[in-house]
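One structure is given below, encoded as structure tokens.
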Amino acid sequence: MMRADRISRAALPALSILLVVLVAAALGSGDMHLSPFQVWEGLLRRDPLDATIVWQIRLPRVLVGMMVGGALSASGLVMQAFFRNSLASPGLLGVGSGGAAGAVVAIALGWASSSLWFLPLAAIVGAFGATSAVLMLARRGASGERLLLAGVALNALLAAVTSYVLSEFTGPYERNAQILFWLLGGLEDRTWEHVAIALPILAAAACLWPLGRPMDLLSLGAREAQSLGVDVRRLRRVLLALATVLTALATAVAGSVGFVGLIVPHILRLAVGPDHRRLVPLTLVGGAAFVLACDIVGRAAGGLRLGIITSLVGAPFFLWFLRRLP
Amino acid sequence: MTILRLAETTVPGRLESVSLDVPRGSLVGLVGPNGSGKSTLLQVAAGILPPSECVSWEGRPLGGIPMLERGRCAAWVPQEALFEFGFSVRSVVAQGRFANGDDGRGVDEALAALDLTGLAARPVNRLSGGERARVLLARALVTGAPLQLWDEPLAALDPRHALEVVVLARGLAGRGSTVVFSLHDLRVAHRLDLVAVLHERRLRAFGPPAEILSPSLLLEVFGVRAHEAPGLNLELP
């Protein structure tokens, strides 16, 4: 017990330090290697070439990656508390597949090439459309099982839309490649515009911060939580809205990135226990660190897509972690 | 003084036109065959199930009491609970202080009262059914709420712990709290202050057990023939 307590106390500082190291590594690595000193010079704009690389190319990518990782992990944590199931993931209610369908349709119709803003916007519209549809279809009380079933059905429908576009659409080769790239998720060529689109993630994370305690109570039963003084209906609405915003924005700027929202909260819960007041900040920082690390690995491996790496690195790590448990 | 009032409460298919005035400081048993509406009645009384407009606590309509304050006025214990996450027994009991700013007061006393001190550090998802039931009772106790609504708190408990819980409820009532709990053991019900009998979703009778639990009512409601006879009697040493 003492040991577990010490681990959970040290986890946030340790992960924060890890994140800083990963940011420095991510800013230094790429086609042109920069030493930590050069990164520093670039950040302070003392060297024009280093400054261009750091500010124009790598910093937006790093910032987007961090926000995406934090958003997906926090969203997964929220869904796990909401559904009282540690296997829940952000995509359960169709946010991810809705975003994918929106983006794929936008690319196939050629809208995506007209403006940089269009693709993310299409993804956001798809994501919110899908979640609203699930909530409306489930309606009454919008609780547990009914929501899940509506989500499963809509996920299947949206996956079919995406597959249909992929199989029937015989557009130019670049568009097909763009669709495939998008579906595999990635942080290539992210710009400050993408950072701007993802910025509300920080606001959603800030809203989530004080909800850790009520999430504790909700995760042990909705009726029980209500009898202890939690306004469960309001809390559920707020949590669903936050989880949707987080996942929708992450999907909009980085495409479909799987597995992050499932394993990061899960691993952290196994490491420090189920207290959500601890887990909310930890998943934000831990998720950011995880996605940055995956992006660095992906670039070192010659440009493997982020969505591939998160599963390729995440799954074995998760299995190893499970085996270490008592 | 009435602490809990239900007025013409109907939950479609589960409860029909139940009116009930529970006096403060009483120990009330809720009996009735399976499916007679005991759990529904307790949940409506606790403000978890609608309609809340039929319910008032200490004369205040439930709808006018803010959520957080409700957590200080009444505590509800579910019939059974499944815990997905491995919170420690102590931290689950401490959740009972949520509506009091999580001040942690009375947690050790509640753990001791339910014989959980030795299990305080254990994850709740690795407990037996009876141990889980005691954790939920301790959490309700720690709220300090003057109205305690327990749904079959004795069902999962061994004889010793069941007796202790009845003695605990008696003590709470003696200090001015009100405990309403559902149960199936009519011999225990016979020793309470008041008994409410539910039958086919309606309140069949409400009053002191010696008057209410007559052989004719027991035969009609439960289909059992009652007679007093020497048998096994259990009490705390």
As an exercise: evaluate A:P265 against (1) farther than 27 Å from B:V124 by Cα; (2) crowded, with 20+ Cβ neighbours inside 10 Å; (3) modelled with pLDDT of 90 or more and give the number of the one condition it does not meet. (1)
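Conditions tested, residue by residue: (1) touching a Phe, Trp or Tyr at 6+ places or on another chain (Cβ under 7 Å); (2) without any contact (Cβ under 8 Å) to a residue 24 or more places away in the chain.
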| site | (1), (2) |
| --- | --- |
| A:A25 | no, no |
| A:M32 | no, yes |
| A:V39 | no, yes |
| A:A51 | no, yes |
| A:R61 | no, no |
| A:G69 | yes, no |
| A:L72 | no, no |
| A:F83 | no, no |
Inter-residue pairs, beta-carbon under 6 Å, first under 12 Å from B:E152 (Cβ atoms) and in the stretch B:172-191, second charged (D, E, K, R) and crowded, with 22+ Cβ neighbours inside 10 Å, 6+ apart: B:S182/B:K38; B:S182/B:D151
Being at the interface with another protein chain (Cβ under 7 Å from one of its Cβ atoms), closer than 25 Å to B:K38 by Cα and outside any strand (DSSP E or B) is the filter here, so list the residues in the stretch B:74-93 that pass it. B:P78, B:A81, B:F83
Go through the stretch B:38-53 and report how many residues are surrounded by fewer than 23 Cβ atoms within 10 Å (Cβ to Cβ) and either in a strand (DSSP E or B) or away from chain A (no Cβ under 14 Å) (or both). 2
Filter pass, B:A205 being outside any helix (DSSP H, G or I), more than 20 Å from B:G37 (Cα to Cα), modelled with pLDDT of 95 or more and out of contact with any Gly (no Cβ under 7 Å at 6 or more places or on another chain): no
For the stretch A:215-231, which positions are touching a His at 6+ places or on another chain (Cβ under 9 Å) and within 8 Å of chain B (Cβ to nearest Cβ)? A:D216, A:S219
Odd one out for A:S8 among (1) within 14 Å of chain B (Cβ to nearest Cβ); (2) surrounded by 14 or more Cβ atoms within 10 Å (Cβ to Cβ); (3) within 20 Å of the chain's Cα centre (by Cα); (4) at pLDDT below 90: (3)
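Just wondering, is there one or more residues in the stretch A:168-176 that are away from every other protein chain (no Cβ under 14 Å), assigned to a helix (DSSP H, G or I) and surrounded by 15 or more Cβ atoms within 10 Å (Cβ to Cβ)?
Step one: filter the stretch A:168-176 for residues away from every other protein chain (no Cβ under 14 Å), giving A:168-176.
The next check asks that each one be assigned to a helix (DSSP H, G or I); those that pass are A:168, A:173-176.
Those left that are additionally surrounded by 15 or more Cβ atoms within 10 Å (Cβ to Cβ): A:175-176.
There is at least one residue in the stretch A:168-176 that is away from every other protein chain (no Cβ under 14 Å), assigned to a helix (DSSP H, G or I) and surrounded by 15 or more Cβ atoms within 10 Å (Cβ to Cβ).
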Return yes or no: is B:R97 in contact with a Ser or Thr (Cβ under 8 Å, 6 or more places away or on another chain), closer than 22 Å to A:G273 by Cα and not small (G, A, S)? yes
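Does the stretch B:100-125 hold any residues that are away from chain A (no Cβ under 11 Å) and within 16 Å of A:D275 (Cα to Cα), and which are they?
The answer is B:G104, and nothing else.
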Quick test for you: out of B:G144, B:G96, pick the one residue that is buried (at least 21 other Cβ atoms within 10 Å of the Cβ), within 14 Å of chain A (Cβ to nearest Cβ) and of a type outside the set (K, R). B:G96
Looking at the stretch B:1-24 only, could you name the residues that are more than 12 Å from B:E58 (Cβ to Cβ), under 19 Å from the mean Cα position of the chain (by Cα) and surrounded by 15 or more Cβ atoms within 10 Å (Cβ to Cβ)? B:L6, B:T9, B:R14, B:L15, B:V18, B:L20
Please work out which one of (1) under 23 Å from A:A130 (Cβ atoms); (2) within 14 Å of chain B (Cβ to nearest Cβ) is the condition A:R269 fails and give its number. (1)
Search the stretch B:54-73 for residues being within 7 Å of chain A (Cβ to nearest Cβ) and of a type in the set (A, V, I, L, M), and hand back the single one that is nearest to B:V18 (Cα to Cα). B:M67
Give the residue, chosen from A:A130, A:A150, A:A160, A:A203, that is modelled with pLDDT of 95 or more, part of a helix (DSSP H, G or I) and more than 13 Å from chain B (Cβ to nearest Cβ). A:A203
Give the stretch B:218-234 a look and list any residue that's within 23 Å of the chain's Cα centre (by Cα) and modelled with pLDDT of 90 or more, or say none. B:L218, B:V221, B:F222
The correct count of residues that are surrounded by 14 or more Cβ atoms within 10 Å (Cβ to Cβ) and over 30 Å from A:L218 (Cβ atoms) in the stretch A:272-326 is 16
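Residue-wise test of (1) at pLDDT 95 or above; (2) assigned to a helix (DSSP H, G or I); (3) within 13 Å of A:G286 (Cβ to Cβ).
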position	(1), (2), (3)
A:A4	no, yes, no
A:S16	yes, yes, yes
A:V21	yes, yes, no
A:A24	no, yes, no
A:G30	no, no, no
A:F37	no, yes, no
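The values are calculated or read from the model by the stated rules, or taken from the named source; none is laboratory data. Note that the coordinates shown come from a computational prediction; the quantities given were computed from them, not determined experimentally. Quick reminder, even Gly has a Cβ in these numbers, built from the backbone with ideal geometry, and neighbours come from all protein chains shown.
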